Amino acid sequence: MSDLRLEELSAATIVAVNSMSLKPGQEQFIAPVSYGTAATVVNPRTSWQRVVLDGDEVVGFVSANFDPDEPQEYFQSVLWRINVDADDQGRGVGRFAVEGVKSEARARGISHVDVIYEEGEEGPQAFFEHVGFVAVGETEFGETVARVTL
């Protein structure tokens, strides 16, 4: 695990990202990775996407957006997506990716990062709470908005 590092999503890593597996039950809480990767094309100034590499192996993907001009507060600094390959979950890869997002937010002068998720038995709530996010509200669709203050 000492070889974990973040690199920009690239043509060389996108196939591996799209091939990552999930644990049973997780697929209902996450759209295909290709949905998230399209954000860079739409918002290249504000979108931040990285792969997590362990040595040369892609073990995770994280996507965030930083747009202080966004009218909806929870979209101003938001962790959009975090995927860790099923075989690598529980090894600290997700925590490492979240720390990368927090570091990028700090570098941009932002004081918090939000995440939006659906609650459910196999959902991401426990992970987000474990890495410091605290529920602060709901979206108009009933999804939980959680925040970590930097």
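A few comments on the model shown:
- Calculated from backbone phi, Karplus (6.51, -1.76, 1.60) coupling profile of segment 119-128 in Hz, x at Gly/Pro: 7, x, 4, 9, x, x, 3, 4, 4, 4
- One decimal place: the segment GLU118-ALA12 gains 35.0 nm when fully extended, by the rule 0.36 nm per residue minus the C-alpha distance.
Each reported figure results from applying straightforward, stated rules to the coordinates on display, with no laboratory input. Here the structure is a predicted model, which means the values were calculated and not measured.
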